[in-house]
Structure formats: C-alpha cells, structure tokens
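Notes follow the structure.
The values are calculated or read from the model by the stated rules, or taken from the named source; none is laboratory data. Not measured: the values here are computed from a predicted model. With ideal geometry, Cβ positions are generated from the backbone for all residues, glycine too; neighbour counts draw on all protein chains shown.
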Amino acid sequence: MTSTQEEPTELNPPKPDEAGGPDFEARVARIRRRLERLIGIAATEGNALVPLRNGDEIFAAMLAAIRRAEHTVDMMTFVYWKGDIARRFAETLAERARAGVRVRLLLDGFGSRLIEAEQLAAMERAGVQVAWFRKPLYLSPLKQNHRCHRKVLVVDEETAFTGGVGIAEEWCGDARNEHEWRDTHVEVRGPAVDGIAAAFAQNWAECHDELFDERDRFIDHRPQGDAIVQVVRGSASFGWQDMQTLLRVMLESAEERFRLSTAYFSPDTYFIELLCATARRGVEVEIVLPGPHTDKRVCQLAGQHHYEELTACGVKIYQYQPTMMHAKIITVDGVAALIGSTNFNRRSLDHDEEVMLAVLDREFTATLDRHFEADTAVSELIRRDRWKRRSAVQRIREAAVQPIRRFL
C-alpha cells in the first residue's frame, strides 16, 4: 500500500495535536479546568461514548438497552407522539415492567400531549410508573413557559442515552428525505451515567413522591473508556445560567475552529456578538441550521435576522437541505464536543430544563466533525452578498418576530 503522506522524521515531526502529544493534552486540561471551575461540576474520567446518527441507529440502540434491563429503566422525553416507533417503545417498556423491572417514564406535559391514550393505559396496566412534568392545565401562567426538554434514558444505572431525539415517526430512518429528521444521540457508559441519571431524578422529584426504592443499587462505576465527560444541567431561572456559561467557555476557548449544529437558532444579542468576536480573532466559525424543511419557521426567521451581521464577521452559515436538522452539537478544535438537548436559542438557555454533555475525547469529537462535514456537503451556504439583497417581505417577516424571540 502506498501513501502520499510524508512519514514523520526528525526534519518533519508530527504536529503535537495530530499525535495526541503535549499540546493536545494541555488544551484538554485547560478546557477541563475552565469548565470545572466556572460551572462548579467535576468532570469524570473513564467513560465510553458511542455517537448514534439518526433514528435507525438511535432507536435500535435504545430499544436493545431497554430489552436487556434487569433492574431499572428511567426514561424521560419532551416529545412522545404517535406512530409505530411510539408503539414499540410503549410495548418494550411494558414488557420490562411485567418482567419485574422498575420502569419509570417522565413525559413533558406539553411536548408529549399527543401520546395515544391506549398506549399510555397499556403501560400503566403493565406497571410502568408514568409521571407528567407540569401539565398546562394545572399550572400557573408563570410556569406554563418552562418545559422539560431533556431526553434521558438510563438502564440498570450502567448505560445512559441523551441527545436531541424524541419518540415520534419524524425521527425514524436515516435523514434520506424530508420525512426522516436528522439528529444525533449518544450512548454513555461509565461514571458520567450518574450525571445523566441525576438529570432524570431532578425532574422526577418534582412530579413524584418516591425518589428511589430498593431496586436502585447505587452502583460504583468501573472505567469503560477514555473519555472525560462533564454533565451540565440547565434549569429555568432568572439571571445567568450554567448552560450559558458552558457555551461561553466553548466559544472563548476555541483557537482554530468552532462548529455548531442546532435545530433552533435565535440567541440574544450577547451571543451573536460573541460568535462574531470569535470569528474576528481568527477562529473558523461554522453553523449548520435547518433549511427549507424547518418545523418552526418563526424561529428560523428570528435567527435569519442575524445572518447579515454574522456573515459580515466571517461566520459561515449553512442551511441543511434534505430534511429537518434537529441535532444539538458543538465541536471545538477537534478537542472538545458538546452534545445533548440544548439548542442555541433563548428558550433552551432561559426557559427549559436541559442536559448537555461536555466531552473531551479526540475520537468522539472527530466522529462528530465527520458528521458535520457530511451535513455541510448537503447544505446551502448563505452568501453574504446575496443575503444582503433579500426581499423586503423577508426583512419584514424577520422584524415581525423580534418582539417574541425570547420565547423561541
């Protein structure tokens, strides 16, 4: 086998980052300590992570894990709608409950309102403990806007899943057409499972009297891999939040490249300026957003209001063409990655319960970067000169949604 790549020699040494050498390790350590001290959550070592791309991979892995459960299954989701995949999850959860496994299912009172009543009843008859997070009917007006947007599955306290996927037909398939949404989940084993389980427990405690029982073993985790992971939870409150700090640390730590994929892009002025500042200091800033198949046009308009300013700063914006882009991923310099339920919008940062993994792992980040490059290959780059000439009607629509952007 031949290769045109030069072999490392004394005159042509491998770059430290490419070899996983001292500079790479120093950058990992630097980002880790920034995250730990500024957010106040310790990162864990010894984790194994498997990125799962699109519904065919994601649902198969989640259902297989549930089927293997011997002790406990804890699952929460924002979206639980209708269709075959919803039925398969309901049947699998019910089967495990009938087998004596403790199964708990936490549904957001707004996002999961379309679940079929018969599926819900069948799960409850089988022994699945179902709880609802803040049903709108029973809430004060002040709480209506604060939803549980976390997606969490924890099986036997040993394996966890999180990411952007809801339980609905829209996520099935492999993003081959507009009916199969593009998304990413991650399977986690190791000490970081505890942080994901804590995200479930925090919301379950609000909805149910019993926080744990005799089937919770509180196991000690053995090392499963080499990934360093910090689990960050976001909750609705006033003032600056941990999720905002997480994004700020990543932007300000980027030295070469910052990549963002998000379903909903409507940040406040501060983060628009921070994206521009990052690009101005020489970092390549690239963003992949939904294109013609967005499911929330009003949110897209709120983000498009900033395209002219961002492209003027050198930010590259791509609109994904094949289907709805629903992933929530950030990578930085091939060193760090964020993945979870948080979008780059005011709703995720200010109003909703969210969970995000900050991952320091070369191989995992490289995989997400390859996925990003595959996504940009089927996306349309926003050209600044053309965008500046957009129609008056488009500009009016962008302006019209600005008063409500903090809720998008």
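At-a-glance table
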| item | result |
| --- | --- |
| Hits in region 166-205 - residues which are among the basic types (Lys, Arg) and within 23 Å of PHE364 (Cβ to Cβ) | ARG182, ARG189 |
| Meets criteria (in a loop (DSSP other than H, G, I, E, B), buried (at least 19 other Cβ atoms within 10 Å of the Cβ) and either out of contact with any Gly (no Cβ under 8 Å at 6 or more places or on another chain) or in contact (Cβ under 8 Å) with a residue 12 or more places away in the chain (or both)) for ALA263 | yes |
| Any hit, region 302-316, residues being over 28 Å from ILE196 (Cα atoms), touching a residue at least 40 places away in the same chain (Cβ under 8 Å) and among the β-branched types (Val, Ile, Thr) | yes |
| Near pairs, Cβ below 6 angstrom, 6+ apart or cross-chain, from region 162-179 (at positive phi) to any residue that is at pLDDT below 95 and outside any loop (DSSP other than H, G, I, E, B) | none |
| Those strands (runs of 3 or more DSSP E) lying entirely in region 154-260 with at least 1 residues among the small types (Gly, Ala, Ser) | 159-163, 227-234 |
| Count of residues meeting criterion [in contact with a Leu (Cβ under 6 Å, 6 or more places away or on another chain) and surrounded by 15 or more Cβ atoms within 10 Å (Cβ to Cβ)] in region 205-230 | 4 |
| Among (1) within 27 Å of GLN241 (Cβ to Cβ); (2) in contact (Cβ under 8 Å) with a residue 12 or more places away in the chain, the one test that ARG33 misses | (2) |
| Residues satisfying the stated conditions in region 271-295, i.e. out of contact with any strand residue (DSSP E or B) (no Cβ under 7 Å at 6 or more places or on another chain) and not in a helix (DSSP H, G or I) | ARG281, GLY282, PRO292, HIS293, THR294, ASP295 |
| Enumeration of residues in region 228-269 that are of a type in the set (Phe, Trp, Tyr) and modelled with pLDDT of 95 or more | PHE258, TYR264, PHE265 |
| Positions within region 344-376 being touching a Phe, Trp or Tyr at 6+ places or on another chain (Cβ under 8 Å) and of a type in the set (Gly, Ala, Ser), in sequence order | SER348 |
| Members of region 273-289 that are among the aliphatic types (A, V, I, L, M) and crowded, with 19+ Cβ neighbours inside 10 Å | LEU275, ALA279, VAL283, VAL285, ILE287, VAL288, LEU289 |
| Filtered residues of region 19-35 (kept if at pLDDT 50 or above and either loosely packed, with under 10 Cβ neighbours inside 10 Å or assigned to a loop (DSSP other than H, G, I, E, B) (or both)) | GLY20, GLY21 |
